[in-house]
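Structure record follows, encoded as structure tokens.
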Amino acid sequence: MDLQTVSLAGLIIVLGITVDDAIVIVDNYIEKLDQGMTPFDAGTKSVTQLFSSVLSATLIIIACFLQYHYL
């Protein structure tokens, strides 16, 4: 397998993770706005509420790919 192919696959995966994390946080932000919160409070609350979940999901995906790569 060429190095360019592996690099391209890695970039696609990272882009997917980044977009997915942003979609989850923005969806929570809109839900908080619909509940009547101010935009600043909704943004702060949505990020702090989901930070540990988004971070752990991202780290688990990275660990899975690292484990697959080094086996």
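Read-outs: derived from the displayed coordinates by stated rules, not from any lab. Since the structure is predicted, the reported quantities are computational estimates derived from the model, not experimental observations. When we count neighbours, we look across all protein chains shown, and the Cβ atoms used for this are built from the backbone with ideal geometry, even at glycine.
Can you work out ³J(HN,Hα) from phi for every residue in the stretch 13-28, in order, using Karplus 6.51 cos²θ - 1.76 cosθ + 1.60 and θ = phi - 60°, giving whole Hz and x for Gly and Pro?
5, 5, 4, x, 5, 4, 5, 5, 4, 5, 5, 4, 5, 5, 5, 5
Relative to the Cα centre, what is the charge dipole magnitude of the stretch 1-52, using +1 at the beta carbon of each Lys and Arg, -1 at the beta carbon of each Asp and Glu, and rounding to the nearest 20 debye?
On the way: 2 positive and 7 negative charges, 25 e Å.
Taking the Cα centre of the stretch 1-52 as origin, the dipole is about 120 debye.
Given the C-alpha atoms of the chain, compute the convex hull and give its volume per residue in Å³.
Working: hull volume 5.4 nm³, N = 71.
Cα convex hull per residue, to the nearest whole number: 76 Å³.
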